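Trainee: Dropping a structure here in structure tokens format, bear with me for questions.
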Amino acid sequence: AEPLAAASELFNARNFVVLLGGAVIAVMVAGLIHLMLIPALNRIRRATEAVSAGHLDALIPETGRGDEIGRLAESVDALRLSYESRVDMLETRVATRTRDIEATQDITRYAASERDLEQMLSRVVDLIVERFDGIYHAQIFLLDDDQTSAVVRASTGEVGKQLLQRGHRLVVGSVSVIGQVVEQGRLILARDTSTSQVHRRNEFLPETRAELAIPLKVGDEVIGALDVQSKQSEVFNDDLIAVLQSMAEQIAIA
């Protein structure tokens with residue numbers, strides 16, 4: 001009985017020591033995990049909150065680590081960069097839209113106040129080229145008395161002077177952007193002149209890569225067309241088209 005009691009006492013003591021040692025090790029591991037993970041996660045959380053508050057230049061810490069915390073930080077930083085890029089894009093678009101609207105207001109205000117038709121048309125096309133960066137040539141066509149041809153009445157630059165001197169005209173319904181616009185009474189867009197089936201190359205404007213023509217209408221009657229051209233393909237986006245359409249309506253009324 002005595003050896004058995006001694007063995008039992010020794011066994012219980014050993015268990016106690018093992019359990020105590022395990023508990024100490026667990027506490028130490030938990031402390032190490034806390035020291036390694038929690039501060040890093042808190043720094044990432046604070047940086048994320050700063051980004052959410054609008055501080056897009058906030059630096060995301062811990063991105064240089066090679067563990068899961070580092071990969072988490074890198075993912076958060078990628079989201080920040082994507083968010084920053086989208087905000088910049090939207091701000092640029094709003095600024096461009098505001099500038100275009102202001103330009104349209106200035107041009108239509110001038111068109112409404114100028115009583116001399118030739119002077120009004122000439123100044124309007126010049127203002128369009130001056131105020132819209134992507135447009136390098138603008139012109140206005142009006143239908144002749146027979147309604148069979150669209151005759152250029154205003155055109156920009158030296159090229160415009162030559163076109164006016166030669167009485168440049170395009171037959172209604174001809175295979176050209178202007179010919180189709182005045183026949184159909186709707187805008188025609190050649191996003192890329194190298195592949196367009198309707199764009200008609202003008203030897204005076206060989207640099208044209210995109211062309212947009214908008215009908216000038218009074219009610220349902222087509223009286224001519226506003227034509228704008230760019231050296232860049234795909235330059236006429238929906239926002240710019242909407243602005244130019246609004247301008248064309250005001251020019252037609254004027």
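Trainee: Restricting region 189-221 to residues that are farther than 23 Å from ASP146 by Cα and part of a strand (DSSP E or B), which is most open to solvent (accessible area, probe 1.4 Å)?
Mentor: If we take residues in region 189-221 being farther than 23 Å from ASP146 by Cα and part of a strand (DSSP E or B), then LEU189 is most open to solvent (accessible area, probe 1.4 Å).
Trainee: Residues in region 230-246: is at least one closer than 20 Å to GLU183 by Cβ, of a type outside the set (A, V, I, L, M), surrounded by 18 or more Cβ atoms within 10 Å (Cβ to Cβ) and within 23 Å of the chain's Cα centre (by Cα)?
Mentor: Within region 230-246, not a single residue is closer than 20 Å to GLU183 by Cβ, of a type outside the set (A, V, I, L, M), surrounded by 18 or more Cβ atoms within 10 Å (Cβ to Cβ) and within 23 Å of the chain's Cα centre (by Cα).
Table: residues versus (1) within 21 Å of the chain's Cα centre (by Cα); (2) part of a helix (DSSP H, G or I).
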| residue | (1), (2) |
| --- | --- |
| ILE101 | yes, yes |
| ASP106 | no, yes |
| ALA111 | no, yes |
| GLU118 | no, yes |
| VAL125 | no, yes |
| GLU130 | no, yes |
| ASP145 | no, no |
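Trainee: Which ones in region 36-82 are within 30 Å of VAL243 (Cβ to Cβ) and at pLDDT below 80?
Mentor: The answer is GLY54, LEU56.
Trainee: Can I ask one more? Scanning region 83-100 for residues that are β-branched (Val, Ile, Thr) and either loosely packed, with under 11 Cβ neighbours inside 10 Å or modelled with pLDDT of 80 or more (or both), which turns out nearest to ARG43 (Cα to Cα)?
Mentor: VAL87
Trainee: Let me ask you something else. Look at ILE135 and say whether it is within 26 Å of ALA242 (Cα to Cα), within 29 Å of the chain's Cα centre (by Cα) and part of a loop (DSSP other than H, G, I, E, B).
Mentor: yes
Trainee: Restricting to region 104-117, count the residues that are within 14 Å of LEU127 (Cα to Cα) and without any contact (Cβ under 8 Å) to a residue 60 or more places away in the chain.
Mentor: Within region 104-117, residues that are within 14 Å of LEU127 (Cα to Cα) and without any contact (Cβ under 8 Å) to a residue 60 or more places away in the chain number 4.
Trainee: Going through region 54-80 one residue at a time, which ones are farther than 15 Å from ILE44 by Cβ and exposed (fewer than 14 other Cβ atoms within 10 Å of the Cβ)?
Mentor: Of everything in region 54-80, those that are farther than 15 Å from ILE44 by Cβ and exposed (fewer than 14 other Cβ atoms within 10 Å of the Cβ) turn out to be GLY54, ASP57, GLY66.
Trainee: Check LYS217 against each of (1) over 21 Å from GLN250 (Cα atoms); (2) of a type in the set (Lys, Arg); (3) in contact with a helix residue (DSSP H, G or I) (Cβ under 7 Å, 6 or more places away or on another chain) and name the one condition it does not meet.
Mentor: Among (1) over 21 Å from GLN250 (Cα atoms); (2) of a type in the set (Lys, Arg); (3) in contact with a helix residue (DSSP H, G or I) (Cβ under 7 Å, 6 or more places away or on another chain), the lone unmet condition for LYS217 is (1).
Trainee: Count, please, the residues in region 151-188 that happen to be open to solvent by 40 Å² or more (accessible area, probe 1.4 Å), part of a helix (DSSP H, G or I) and either hydrophobic (A, V, I, L, M, F, W, C) or under 21 Å from ASP126 (Cα atoms) (or both).
Mentor: 6
Trainee: Looking at ALA225 and the list (1) surrounded by fewer than 19 Cβ atoms within 10 Å (Cβ to Cβ); (2) at pLDDT 95 or above, which single condition is not satisfied?
Mentor: Condition (1) is where ALA225 drops out.
Trainee: Please verify whether region 65-79 includes one or more residues that are part of a loop (DSSP other than H, G, I, E, B) and touching a Gly at 6+ places or on another chain (Cβ under 8 Å).
Mentor: Checked against the condition, which is being part of a loop (DSSP other than H, G, I, E, B) and touching a Gly at 6+ places or on another chain (Cβ under 8 Å), region 65-79 yields no hits at all.
Trainee: Regarding GLU249, is this residue open to solvent by 30 Å² or more (accessible area, probe 1.4 Å), of a type in the set (Asp, Glu) and not in a helix (DSSP H, G or I)?
Mentor: no
The values are calculated or read from the model by the stated rules, or taken from the named source; none is laboratory data. Please read these numbers as outputs of a predicted model, since none were measured by experiment. For neighbour counting, all protein chains shown are included, and Cβ atoms are generated from backbone atoms with ideal geometry for every residue, glycine included. To get the accessible areas, we keep the full protein, side chains included, count just its heavy atoms, and leave off ligands, DNA and RNA. Shrake-Rupley method; radii C 1.70, N 1.55, O 1.52, S 1.80 Å.
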